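For reference, the structure discussed in these notes is given below.
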Amino acid sequence: MKNICVIGAEGFVGAAICKEIDKRSNLHLVKVTRHDEMKKMIEQSDIIIHSANSSRRFFANQNRSVDLFETMEKALKVLKYSKDKKIILVSTLSARVQQDTPYGAHRRACELLLDHEKDLIVRLGNMFGRHNTKGVLFDIINDKDVYASATTKCAFVDVRYNALKIVEMMLNKTGLVELGAKNHIELGKIARTIGSRCKFVGATDTQLPLDVPSDAPSVDLVFEFINKQLLEKK
């Protein structure tokens, strides 16, 4: 049985990964939250999944030095405590498409610390899920201002799919993988389809994955999630 350490176990993606690991009898989950002793947890594990990097793009871009320190400090601690153990880094498509911003540049710097022959980097894009109540989808659903253009293209995917793929790949896959839907949709089309009165007040923020797995779902599944949210509002 493999001991799998999940750093950031209470986060949106981390919690979904933990649920997926718990389903498998050949894996033992070691949860690490901000209140736990990371060094001790890592030392008793075989594989380390680092999903604790902040997803706050606006904060990172407004607080460059704070975000750089927090991001690199965590990454360097994980590397130090892991020694030669395999690391799976949950990263973001911003590390490829937004390297001109602090958020993207810092996540890319974090990726470069890993050994691509031994470790695995998984870049994630736009996601939806029951426990995520922020972002462009919720702004559209709630008729709020959307800080992206209507022509922004997104490959929305259920966070549970990403968690499944990460757990499936973690034992044997190395290098770099990008996950998302097999197709994309414009934010403006989502708004028109559900009759949202939101306003698009931002710049284009397209982030689409490259070479997704063959079983990647359709972006159209996002409407099932949106419809559930709309029903809960009534």
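Filter the trypsin sites (Lys or Arg not before Pro) in segment 112-156 down to the DSSP loop ones having no more than 15 other Cβ atoms within 10 Å, then list what survives. Numbers along the way, then the final one.
Values: sites: Lys118, Arg123, Arg130, Lys134, Lys144, Lys153; in loops: Lys118, Arg130, Lys134, Lys144.
Taking segment 112-156 and a limit of 15 other Cβ atoms within 10 Å, the loop trypsin sites (Lys or Arg not before Pro) found are Lys118, Arg130, Lys134, Lys144.
May I ask which residue of Asn132, Ser54, Val13 lies farthest towards the positive end of the charge dipole of segment 1-143, with charges of +1 (Lys, Arg) and -1 (Asp, Glu) on Cβ and the Cα centre as origin?
With unit charges placed on the Cβ atoms, the residue in question is Val13.
Is any residue of segment 134-149 close enough, with backbone N under 16 Å, to a label point placed 7 angstrom from the Cα of Glu186 along the Cα-Cβ axis, and if so, which?
What the label zone holds, given the 16 Å backbone N cut-off, is 148-149.
Among DSSP beta bridges lying fully in segment 88-234, give the percent that are antiparallel, nearest 5. Working shown, then result.
Details: 2 of 17 bridges.
Antiparallel: roughly 10 percent of the beta bridges in segment 88-234.
What is the distance in Å between the Cα centres of segment 180-234 and segment 1-74?
When both Cα centres are located, 27 Å separates them.
From the Cα gyration tensor of segment 1-110, with a ≥ b ≥ c the square roots of its eigenvalues, which class applies: rounded if a/c is under 1.5, or else prolate if a/b is larger than b/c, or else oblate?
prolate
Would you work out which of Asn3, Met41, Ser25 lies farthest towards the positive end of the dipole of segment 1-121? Charges go on Cβ: Lys and Arg +1, Asp and Glu -1.
Checking the options against the dipole of segment 1-121, the answer is Ser25.
Which of the following values of volume of the Cα convex hull per residue in Å³ was calculated from the structure shown: [x] 125; [y] 142; [z] 117?
Read-out from the structure maps to [x].
With only Lys, Arg, Asp and Glu charged, each at its Cβ (+1 for the first two, -1 for the last two), find how big the charge dipole of the chain is about the Cα centre; round to the nearest 20 debye.
On the way: 37 positive and 29 negative charges, 75 e Å.
Around 360 debye, computed over the chain.
Which one, Leu176, Thr206, Pro217, is farthest towards the positive end of the dipole of segment 163-234 when Lys and Arg carry +1 and Asp and Glu -1 on their Cβ?
Thr206
Name the longest site-free stretch of the chain, where the excluded sites are GluC sites (Glu not before Pro) in a DSSP loop with no more than 16 other beta-carbon atoms within 10 Å.
That would be 118-234.
From the Cα gyration tensor of segment 90-174, with a ≥ b ≥ c the square roots of its eigenvalues, which class applies: rounded if a/c is under 1.5, or else prolate if a/b is larger than b/c, or else oblate?
oblate
Show that you can apply the helix-only estimate: for the chain, add -39,500 (n - 2.57) for every DSSP H stretch of four or more residues, divide by all residues, and state [θ] at 222 nm to the nearest 500.
-11500 deg cm²/dmol
To the nearest 20 Debye, how big is the dipole of segment 1-134 about its Cα centre, given +1 on the beta carbon of each Lys and Arg and -1 on that of each Asp and Glu?
My answer is approximately 260 debye.
Relative contact order for the chain: what is it in percent, counting Cα pairs under 8 Å that are at least 6 residues apart?
Result for the chain is 18 percent.
Just so you know, all these numbers are worked out from the coordinates, no wet-lab data involved. All of these numbers come straight from a predicted model, not from anything done at the bench. Neighbour counts run over all protein chains shown; Cβ positions are idealised from the backbone, glycine included.
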